[in-house]
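Chemist: Following this message is one structure expressed as structure tokens.
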Amino acid sequence: MFVARSIAADHKDLIHDVSYDFHGRRMATCSSDQSVKVWDKSDNGEWHCTASWKTHSGSVWRVTWAHPEFGQVLASCSFDRTAAVWEEIVGESNDKQRGLSHWIKRTTLVDSRTSVTDVKFAPKHMGLVLATCSADGVVRIYEAPDVMNLSQWSLQHEISCKLSCSCISWNPSSSRAHPPMIAVGSDDNNVTYSGKVQIYEYNENTRKYAKAETLMTVTDPVHDIAFAPNLGRSFHVLAIATKDVRIFKLIPLRRENATSSGPTKFEVQVMAQFDSHNSQVWRVSWNITSTLLASSGDDGCVRLWKANYMDNWKCTGILRGDGSPVNGSSGQGTALSAVGSAGAQSQNSVVGAASAGRKKAQLMPG
């Protein structure tokens, strides 16, 4: 049974993204009010806002946590054409700051000429690496060479995707058999351009990212994309939020020539496709074991999807934007919703109800 809890987020405009930290005990929200808020979960399960600050000079589209191995670090991106990296500092001086934490900006990434639409930290085995994507169709990958000095970031790669980019997802697999891989979604409205999802793979020989696959069957604008956590699988699973929810399986094909230096070729299979939202789907998010997928859409509902032992996916729960469960109905609503990334320990999913009259974050412990 899934239970939802409502949080009065007190953002003054639409909430665009909600993100959990690795342990699922902290949460960050961002909004068109140009601010980011950090929330901490108390022992009794209540969420309390512990920090709120103005981050950008435009709408903040996304916020994301680095792995705690690198400290308490957030990245945000905005319509103001920048991405920013923030670090939480605990005051050590003798004044009022002692023991109190505050977030300071470590760097501003200003390479994009247009709105920066998504920002994601790479899996921790790659080091402290950050990817951004922009409406100018470029994915930029930055690295902090010294994890003790987060004010220094170097631009390592620029990947030109030809279409405006709306969302990115790193492949979380740490297997040596799988080179670093990033999926990119486009919200380009032109349906004559098929293949709104592209997969890029890092090539050790050329030290560049090359396109490995284009999902040609995705022709509608893509709003979110998420690789499933990989717990030793040989294949990859990718969820896509477009006008419906789609789950793809990417099976690496064995190379005929072991010395081939080109990108991996994949057999692409559609595992599931659901139009139950009957509207645009805005966010997809996996739990840590990749057994449960949450999606949210313009119908104001969060839907939970699970596969049985036959690998057939079915809806296992529906929650309205106000947190009430839906019994056998699709539930009508107008909220734009944002499902945040699942907390590693708690397997939470979260919904930010981003309608002008509804400025609350909805929480669903699983």
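Chemist: Considering VAL237, VAL245, which residue is under 17 Å from MET271 (Cβ atoms), under 16 Å from the mean Cα position of the chain (by Cα) and either basic (Lys, Arg) or surrounded by fewer than 24 Cβ atoms within 10 Å (Cβ to Cβ) (or both)? Steps first, please.
Modeler: Values: VAL245 fails: either basic (Lys, Arg) or surrounded by fewer than 24 Cβ atoms within 10 Å (Cβ to Cβ) (or both).
Every option except VAL237 fails the conditions.
Chemist: Any idea which residue in the range 198-230 is surrounded by the fewest Cβ atoms within 10 Å (Cβ to Cβ), counting only those that are of a type in the set (Gly, Ala, Ser) and over 16 Å from the mean Cα position of the chain (by Cα)?
Modeler: Of the range 198-230, the ones of a type in the set (Gly, Ala, Ser) are 210, 212, 226, 228.
Next, from what is left, pick out any that are over 16 Å from the mean Cα position of the chain (by Cα): 210, 212.
On the way: ALA210: 14, ALA212: 21.
Among those that are of a type in the set (Gly, Ala, Ser) and over 16 Å from the mean Cα position of the chain (by Cα), it is ALA210.
Chemist: Moving to a separate point now. Which one is nearest to ASP220 (Cα to Cα) among residues in the range 268-303 that are in a strand (DSSP E or B), polar (S, T, N, Q) and over 15 Å from the mean Cα position of the chain (by Cα)? Give the steps one after another, and end with the answer.
Modeler: If we filter the range 268-303 for residues that are in a strand (DSSP E or B), which is where we start, we get 268-274, 281-286, 292-297, 301-303.
When the remaining residues are screened for being polar (S, T, N, Q), the result is 269, 273, 285, 295-296.
Now drop any that are not over 15 Å from the mean Cα position of the chain (by Cα), which leaves 269, 273.
Details: GLN269: 18, GLN273: 14 Å.
Across the range 268-303, the extreme among qualifying residues is GLN273.
Chemist: Would you pick out the residues in the range 135-162 that are touching a Gly at 6+ places or on another chain (Cβ under 7 Å) and either of a type in the set (S, T, N, Q) or more than 14 Å from ALA83 (Cα to Cα) (or both)? It would help to see each step written out before you state the result.
Modeler: Looking only at the range 135-162, we keep the residues that are touching a Gly at 6+ places or on another chain (Cβ under 7 Å), and these are 143, 160-162.
SER160, CYS161, LYS162 - these are the residues of the range 135-162 that are touching a Gly at 6+ places or on another chain (Cβ under 7 Å) and either of a type in the set (S, T, N, Q) or more than 14 Å from ALA83 (Cα to Cα) (or both).
Chemist: Given the conditions (1) modelled with pLDDT under 95; (2) within 21 Å of the chain's Cα centre (by Cα), and given that GLY99 satisfies all but one, which numbered condition is not satisfied?
Modeler: The single condition GLY99 does not satisfy is (2).
Chemist: Right, here's the next one. Exactly one of (1) in contact with a Gly (Cβ under 6 Å, 6 or more places away or on another chain); (2) part of a strand (DSSP E or B); (3) of a type in the set (D, E, K, R) is unmet by ASP80. Its number?
Modeler: If we test ASP80 against (1) in contact with a Gly (Cβ under 6 Å, 6 or more places away or on another chain); (2) part of a strand (DSSP E or B); (3) of a type in the set (D, E, K, R), just (2) comes out false.
Chemist: Residues in the range 45-76 that are in a loop (DSSP other than H, G, I, E, B) and either at positive phi or of a type in the set (Gly, Ala, Ser) (or both): how many? Steps first, please.
Modeler: Going through the range 45-76, the residues in a loop (DSSP other than H, G, I, E, B) turn out to be 45-46, 55-59, 66-67, 71-72.
From what is left, the residues that are either at positive phi or of a type in the set (Gly, Ala, Ser) (or both) are 45, 57-59, 66, 71.
Result for the range 45-76: 6.
Chemist: Can you name every residue in the range 292-311 that is surrounded by fewer than 14 Cβ atoms within 10 Å (Cβ to Cβ) and closer than 18 Å to LEU238 by Cβ? Show your work before the answer.
Modeler: Initial filter on the range 292-311 (surrounded by fewer than 14 Cβ atoms within 10 Å (Cβ to Cβ)): 308-311.
Listed by number, the list holds a single entry, ASP311.
Chemist: Are there any pairs with C-beta distances below 6 angstrom linking a residue in the range 314-331 that is surrounded by 15 or more Cβ atoms within 10 Å (Cβ to Cβ) and of a type in the set (A, V, I, L, M, F, W, C) to a residue that is modelled with pLDDT under 90 and assigned to a loop (DSSP other than H, G, I, E, B), with the two at least 6 apart or on different chains, and if so which?
Modeler: Every condition considered, the pairs that remain are ILE318/VAL326; LEU319/ALA4.
Chemist: Additional query: Can you list the strands (runs of 3 or more DSSP E) found entirely within the range 114-187 that contain at least 3 residues being of a type in the set (S, T, N, Q) and surrounded by fewer than 22 Cβ atoms within 10 Å (Cβ to Cβ)?
Modeler: Working: elements: 116-121, 129-134, 138-143, 154-160, 165-170, 181-186.
Correct list: 154-160.
Chemist: With respect to THR117, determine if the residue is over 13 Å from the mean Cα position of the chain (by Cα) and under 18 Å from GLN34 (Cα atoms).
Modeler: Details: over 13 Å from the mean Cα position of the chain (by Cα): no; under 18 Å from GLN34 (Cα atoms): yes.
When the stated conditions are applied, THR117 does not pass them.
The rows are residues; the columns are (1) of a type in the set (Phe, Trp, Tyr); (2) in contact with a Pro (Cβ under 8 Å, 6 or more places away or on another chain).
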residue	(1), (2)
ASN203	no, yes
ARG207	no, no
THR214	no, no
HIS223	no, no
ALA226	no, no
LEU231	no, no
PHE235	yes, yes
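Chemist: Being loosely packed, with under 15 Cβ neighbours inside 10 Å and of a type in the set (A, V, I, L, M, F, W, C) narrows it down to one of VAL60, VAL3, VAL18, VAL36, so name that one. Reasoning before the result, please.
Modeler: On the way: VAL60 fails: loosely packed, with under 15 Cβ neighbours inside 10 Å; VAL18 fails: loosely packed, with under 15 Cβ neighbours inside 10 Å; VAL36 fails: loosely packed, with under 15 Cβ neighbours inside 10 Å.
Selected residue: VAL3, the only one of VAL60, VAL3, VAL18, VAL36 that is loosely packed, with under 15 Cβ neighbours inside 10 Å and of a type in the set (A, V, I, L, M, F, W, C).
The values are calculated or read from the model by the stated rules, or taken from the named source; none is laboratory data. Because the structure is a prediction, the values reported are computed rather than measured. Using ideal geometry, Cβ is built from the backbone for each residue, glycine included, and neighbour counts are taken over all protein chains shown.
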